[in-house]
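Chemist: This is the structure I want to talk about, given as structure tokens.
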Amino acid sequence: MSPPSLPPPAAGGRLTIDLAAFAANWRDLSARARGAEVAAVVKGDAYGIGIEAAVPALLAAGCRRFFTALPEEGLRVRALAPDAPVTVLGSFVAGQGALYARARLRPVLGSLAEVDDWLAETRGEVEGAVLHVDTGMNRLGMSFAEAAALAASPALARLGPSLVMSHLAVADTPAHPLNALQLERFSAVRALFPGVPASLANSAGLLGHAATHADVARPGIALYGGRSLAGADPMRPVVTLEARVLQLREVVVGEGIGYGAAFVATRPSRIAVAGVGYADGYHRMAGDGGAEAAVAGRRVPLAGRVSMDLVAVDVTDLPPGAVRRGDWIELLGATIPVDEVAARSGTIGYELLTGLGRRLERRYVGGTDG
Ligand SMILES: *Cc1c(COP(=O)(O)O)cnc(C)c1O
């Protein structure tokens, strides 16, 4: 079931989310994993596409395991996937044991203090916690020494871990020596917990390093069509952002456009002013960074700064009549890759996708119910 799209408002911008491409990306990753189970990371409201749309599409594609960052996100996944393992990646905060237990959310325990809190709050009666051991990211996760102490302690049997995981820091850069070091350390971690399934790969690990696949891969960005490996865009685009043309203006030589008059016409110019701005998550830096837009598959440059609610596009080179008031201009999608816009805005596809705002009209296409 697709979630209800908002009624077509007078929105200046719209997001089109292709659930068929999204499901195809999961199936593609699943085929590449050759035997490892491929879960789905749906944190950040499923990288901006919406948990309520993403999870049913993934279930229909065959995905059976989900990871979120927060327990609130876990509850939303649980409501959609009553039987799937739902794991909360963020560290376990004391006092939430009953909530996790009630919704059968799996905590990710990344220190012995978290293990103690979890066991105390659940009296050792809830199995399935996930152990996170740091192998070089130095963000969350217990040290190897803590993991070794836990492996030798009677607490391990009470914990009944369902998975032992770590996280790759530089998988987007396959030649970086930290990849090999993390793999070596992860093998030592796995040896501490014989019989417990293991998980290491994010999208870049899954796509770029077969040695990281282990038992369960945890891709996020690749599902949503974003780039995970430097230089490679192997996935189908899922998200299209378009801005509605509100005005077309003829601008004479020497006139500036927008704040700071950052663009000055050097020829008689036709400018389309369209209704998406940085308050919609289309970054202000895109204008200064030379981002492009597209009209019916033809690239056109932005003209000047992105403002809060508006963006100006130089459509002088398009044939007369190619853009009219009310038309939609692509800011990212099939012609303008999300990672290209992100790079020109000084960021990455992850941040751009998760920041696309609530003012945008959302349309879901390619869902299993049409
Ligand atoms: C976000 C995240 C992932 C997914 O990473 P991608 O690069 O989006 O594939 C996997 N594991 C952990 C621990 C994460 O935080």
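Chemist: What shape does region 125-208 have by the C-alpha gyration tensor, where a ≥ b ≥ c are the square roots of the eigenvalues, rounded means a/c under 1.5, and otherwise prolate means a/b greater than b/c and oblate the rest?
Modeler: prolate
Chemist: Right, here's the next one. How much accessible area does His132 have with a 1.4 Å probe, in Å² rounded to the nearest 10?
Modeler: His132 exposes around 20 Å² with every protein chain in place.
Chemist: State in Å² the accessible area per residue of region 222-370; use a 1.4 Å probe, count heavy atoms of protein chains only, and round to the nearest integer.
Modeler: Accessible surface, normalised per residue, equals 46 Å².
Chemist: Right, something else. Work out, step by step, the length gained on full extension between Glu125 and Glu184: first 0.36 nm times the residue separation, then minus their alpha carbon distance; give nm to one decimal.
Modeler: In short, 17.9 nm is gained.
Chemist: From the mean inverse distance of alpha carbon pairs (Kirkwood) and the Cα radius of gyration, derive Rg over Rh for region 81-131.
Modeler: Result: Rg/Rh = 0.92.
Chemist: Find how much the distance from Ala322 to Asn138 grows on full extension, using 0.36 nm per residue of separation minus their present alpha carbon separation; answer in nm with one decimal.
Modeler: 61.0 nm
Chemist: A follow-up question, please. For region 126-277, compute Rg over Rh where Rg is the Cα radius of gyration and Rh is the Kirkwood radius from the inverse mean 1/r over Cα pairs.
Modeler: 1.29
Chemist: Let me ask something additional. Compute the angle between helix 112-122 and the longest alpha-carbon principal axis of the chain, please, reported from 0 to 90 degrees and rounded to the nearest 10.
Modeler: Orientation of helix 112-122: about 80 degrees from the principal axis.
Chemist: Please state, to two decimals, what the Cα-based radius of gyration of region 19-79 comes to when divided by 2.2 N^0.38 Å (N = residues).
Modeler: Region 19-79 yields a ratio of 1.06.
Chemist: For the pair Arg359 and Ala261, what calculated FRET efficiency results from E = 1/(1 + (r/R0)^6), where r is the Cβ-Cβ distance and R0 = 22 Å, to the nearest 0.05?
Modeler: Approximately 0.25, to the nearest 0.05.
Chemist: Build a GNM of the chain with springs between Cα atoms under 10 Å: which of Gly258, Gly110, Gly287 gets the top mean-square fluctuation?
Modeler: Residue with maximal mean-square fluctuation among Gly258, Gly110, Gly287: Gly258.
Chemist: What size of dipole, in debye to the nearest 20, comes out for region 170-302 about its Cα centre when the only charges are +1 on Lys and Arg C-beta atoms and -1 on Asp and Glu C-beta atoms?
Modeler: 180
Chemist: Ratio of Rg to Rh for region 1-144, alpha carbon only, Kirkwood?
Modeler: Result: Rg/Rh = 1.03.
Chemist: State the percentage of accessible surface on the chain attributable to carbon and sulfur atoms; use a 1.4 Å probe and exclude ligands, DNA and RNA.
Modeler: 55
Chemist: Working out 0.36 nm times the residue gap between Ala79 and Arg299, then minus their Cα-Cα distance, what length gain in nm do you get to one decimal?
Modeler: Value of the extension gain: 75.0 nm.
Chemist: Of the beta bridges DSSP finds with both residues in the chain, what % are antiparallel, to the nearest 5?
Modeler: About 55 percent, rounded to the nearest 5.
Chemist: Using only the alpha-carbon atoms, how far is helix 19-32 inclined from the longest principal axis of the chain? Give it as 0 to 90 degrees, nearest 10.
Modeler: For helix 19-32, the angle is close to 50 degrees.
Chemist: Over the Cα atoms of the chain, what Rg and Dmax result, in angstrom?
Modeler: 23.3, 79
Chemist: For region 97-143, report the accessible area per residue in Å² (1.4 Å probe, heavy atoms, rounded to an integer).
Modeler: Roughly 44 Å² per residue, with all protein chains present.
Chemist: Let me ask you something else. Helix-derived [θ] at 222 nm for the chain: sum -39500 (n - 2.57) over DSSP H runs of at least 4, divide by residue count, nearest 500?
Modeler: Taken over the chain, the calculation gives -8000 deg cm²/dmol.
Chemist: What does the net charge come to around Ser143 if you take all other residues with beta carbon closer than 11 Å to its beta carbon, with K and R at +1 and D and E at -1?
Modeler: -1
Chemist: How large is the direction-averaged shadow of the alpha-carbon convex hull of region 266-370, in nm²?
Modeler: Mean shadow area of the hull around the Cα atoms is 7.5 nm².
The values are calculated or read from the model by the stated rules, or taken from the named source; none is laboratory data. Keep in mind that what you see is a predicted model, and the values were worked out from it rather than measured. With ideal geometry, Cβ positions are generated from the backbone for all residues, glycine too; neighbour counts draw on all protein chains shown. With ligands, DNA and RNA removed, areas are computed over all heavy atoms of the protein, side chains included. Shrake-Rupley method; radii C 1.70, N 1.55, O 1.52, S 1.80 Å.
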